[in-house]
Amino acid sequence: MVEIMEMQHKTELDTQLVRGLVLDHGGRHPDMKKRVANAYILTCSVSMEYEKSEVNSGFFYKSAEERDKLVQAERKFTQERVQHVIDFKRKVCDGTDKTFVLINQKGIDPLSLDMLAREGIVALRRAKRRNMERIPLACGGSAVNAVNDLTPEILGYAGLVYEHVLGEQKFTFIEECKHPQSVTVLIKGPNQHTIAQIKDAIHDGLRAVKNAIEDGCVIPGAGAFEIAAHHALMEFKNTIKGRTRLGVQAFADALLIIPKVLAQNSGLDPQDVIVKLQQEHADSKLLIGVDLITGEPIIAADLGIWDNYRVKRQLLHSSTVIAGNLLLVDEIMRAGMSSLKG
């Protein structure tokens, strides 16, 4: 799993791959450590704050002592949950150089944060659901919904956890995971326009890799497929007779628009490039593409230039359907004009 995070900071050259997670929030207690190493990660979704009842209810008391007892009883319920986490931390960390990080999807009130800070626990509250799903993939372990029976098997691990403050925003980096199945691409740039351009490029690249994995194959790029398809269609044209030859000729010529546009966008002469590619393909029978720098024919596969199979398949299918629909519209309009004349 790959997540893309944005940070308007420095230049686009500082964009990096974090083999772990980057959370877009930080700690909420001033005494908590900003950087810990060799850390156990506990991921949970447990409320550690006072919550109102789900139904309308009231409590009537006669004296201040009764009110204090109510407050203490409510507080005791929350403190017991926090104490379970503290006891578990002592169990797995005492006598070792390990540290402890708690990431909770639900809230942690200031009193609970203070208890955790005194124990040296770094606690993050109100983590987003998508992060809760990715943390076990990156760090290992599993998320829990209760803190009564905690075992070491549910813990994840990260070699380094630190907080980065950028203006009013806080980011928490979880790095040096042992076997991360989820990583983060951290995009940096001086402005939103640059970040948007990089984000689109990375998204396109990731989709291309995903398509190649799902297809199980790739096709030589740089216009090589179109040149080979044009050559094959021209040979097929010689085997048929009648008006069908014109359709095959038009379809074959339409395929050449891809290498023509590649050459034109690179400042090359499209006609010269097409002639060179067709001649080289006819002589060598190899899949020949165009070098966008020199304009000379190249073997695209040798240089690692590939296109997605499904993209070419969709291109051929869509262009044929669209062309057919346009011709159908022309026929309908011609028939309408004929009826009006009649």
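The values are calculated or read from the model by the stated rules, or taken from the named source; none is laboratory data. The model shown is predicted, which means the values in this text are computed figures rather than measured ones. Cβ coordinates were reconstructed from backbone atoms using ideal geometry, including for glycine residues, and neighbour counts include every protein chain displayed. Accessible surface areas use protein heavy atoms only, side chains included; no ligands, DNA or RNA. Shrake-Rupley method; radii C 1.70, N 1.55, O 1.52, S 1.80 Å.
At a glance:
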quantity	calculated
Vicinal HN-Hα couplings computed from phi for the stretch 273-282 (Karplus, 6.51 cos²θ - 1.76 cosθ + 1.60; Hz; Gly/Pro x)	5, 5, 4, 5, 5, 5, 5, 5, 5, 5
Cα-centred dipole magnitude for the stretch 1-153, charges only on beta-carbon of K, R (+1) and D, E (-1), debye, nearest 20	120 debye
Accessible surface of Ser318 - all protein chains present, 1.4 Å probe, nearest 10 Å²	40 Å²
Karplus 3J(HN,Hα) series, Hz, for the stretch 199-216 with 6.51 cos²θ - 1.76 cosθ + 1.60 (x for Gly, Pro)	4, 5, 5, 5, 4, 4, x, 5, 5, 5, 5, 4, 4, 5, 5, 5, 6, x
Computed label-point distance, nm, for sites Asp24 and Tyr50 using a 7 Å Cα→Cβ extension	3.2 nm
Which labelled figure in (1) 1.31; (2) 1.23; (3) 1.11 is Rg/Rh (Cα atoms, Kirkwood Rh), once derived from the coordinates	(2)
The stretch 88-166-the stretch 255-331 distance, computed between alpha-carbon centres (Å)	54 Å
Note, ³J(HN,Hα) from phi for the stretch 6-20, Karplus 6.51, -1.76, 1.60, rounded to Hz, x at Gly and Pro	10, 9, 6, 6, 6, 10, 5, 6, 8, 4, 9, 9, 9, 7, x
Cα gyration tensor shape of the stretch 154-201, rounded if a/c is under 1.5, else prolate or oblate by comparing a/b with b/c	oblate
Separation of the Leu137 and His84 label points, Cα + 7 Å toward Cβ, nm	2.8 nm
Length released on extending from Ile293 to Phe236, taking residue separation times 0.36 nm less the Cα-Cα span	17.2 nm
Dipole-positive endmost among Thr96, Met5, Ala138 within the stretch 1-143 (Cβ charges, Cα centre)	Thr96
For Ile4, residues with placed amide H under 5 Å, excluding near neighbours	Val185
